[in-house]
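So the structure is just underneath, and the comments pick up after that.
Since every read-out is calculated from the coordinates, none of them should be taken as a lab result. What you see is a predicted model, and the numbers here were worked out from it, not measured in a lab. Here the Cβ positions follow ideal geometry from the backbone for every residue, glycine too, while neighbour counts run over all protein chains shown.
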Amino acid sequence: MSSAGAIPAITHIGQIAINVHDVDRAIDFYQHKLGLPMLFRAGNLAFFQCGHTRLMLDKAESPEFDHPSSLLYFFTGDLKSLYAQMKSAGVEFIDAPHLIARMPDHDLWMTCFKDTEGNTLALMSEVRPPAK
């Protein structure tokens, strides 16, 4: 919905930065524990593909940028299986998968976990009820 002189619309999130303290340790976590494809590394920056969004791991260059990341919710079609797989790989979960809300056409499930840098992340799944 753009017209002459209007501000261009934002179409999607292209990249999210995640603060890390140990880039090598974080690369191992995101690549081997979460299974995200690594795109490339440039110094203290590492880039991963997550669907249509790129994740950038970044070691803060100054104190004002050294803080936990925003809570990211990774979508999965099979929350319980992914939870079991990640837990067996040593991922630290804060809680078990649990029902958040019953929606008209699906149930929303979530679980939260920590990465190696102390950031809280989450898995989410929209579970469709069986056809009647």
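Across every pair of different alpha-carbon atoms, what Kirkwood hydrodynamic radius in Å does region 81-132 reach? Write out the running numbers ahead of the final one.
Numbers: mean 1/r = 0.0830 Å⁻¹.
The Cα-based Kirkwood calculation yields 12.1 Å.
Using modelled amide H (1.01 Å from N, peptide plane; none on Pro or chain starts), what sits under 5 Å from the amide H of I18, excluding residues fewer than 5 places away?
Residues meeting the amide H criterion: M56, L57, D58.
Out of the GluC sites (Glu not before Pro) in region 37-132, which ones are loop residues according to DSSP with at most 11 other C-beta atoms within 10 Å?
Counting only loop positions with at most 11 other Cβ atoms within 10 Å, the GluC sites (Glu not before Pro) in region 37-132 are E61.
Can you give the extra length, in nm with one decimal, that the chain gains between T120 and I16 once fully stretched, where that is 0.36 nm per residue apart less the Cα-Cα distance?
Contour length minus the Cα-Cα distance gives 36.0 nm.
Can you figure out the FRET efficiency of D66 with R41, using R₀ = 25 Å and their beta-carbon distance, to the nearest 0.05?
After rounding to 0.05, the efficiency reads 0.80.
Each residue of region 22-28 in order: what ³J(HN,Hα) in whole Hz does its phi give by Karplus 6.51 cos²θ - 1.76 cosθ + 1.60, θ = phi - 60°, with x for Gly and Pro?
So the Karplus estimates, Gly and Pro as x, are 10, 4, 4, 5, 5, 4, 4 Hz.
Could you work out how much longer the chain between D78 and L108 gets when fully extended? Use 0.36 nm per residue separation minus the Cα distance between them, nm to one decimal.
Full extension of this stretch gives 9.6 nm more.
Calculated from DSSP H runs of 4 or more alone, at -39500 (n - 2.57) each and per residue, what is the 222 nm mean residue ellipticity of the chain, nearest 500?
Calculated at 222 nm, the ellipticity per residue is -3000 deg cm²/dmol.
Taking the Cα centre of the chain as origin, work out the dipole magnitude from +1 charges on Lys and Arg Cβ and -1 charges on Asp and Glu Cβ, in debye rounded to 20.
Once rounded to the nearest 20, the dipole reads 500 debye.
Springs between alpha-carbon pairs under 10 angstrom, Gaussian network model over the chain: which of H32, H21, H52 fluctuates most?
Highest fluctuation among the options: H52.
All other residues with a Cβ under 14 Å from the Cβ of D66 taken together, and with Lys, Arg as +1 and Asp, Glu as -1, what is their net charge?
Values: positive: K59; negative: D22, D58, E61, E64, E117.
Around D66, the charge tally is -4.
What list of ³J(HN,Hα) couplings, whole Hz, do you get for region 16-21 from phi and the Karplus terms 6.51, -1.76, 1.60, once you set θ to phi - 60° and write x for glycine and proline?
Calculated HN-Hα couplings, in order: 10, 8, 10, 6, 9, 9 Hz.
Determine the equivalent ellipsoid of the chain by diagonalising the alpha-carbon gyration tensor, then write out the semi-axes as square roots of 5 times the eigenvalues, largest first, rounded to whole Å.
Numbers: eigenvalues 148, 116, 35 Å².
Sorted largest first and rounded, they come to 27, 24, 13 Å.
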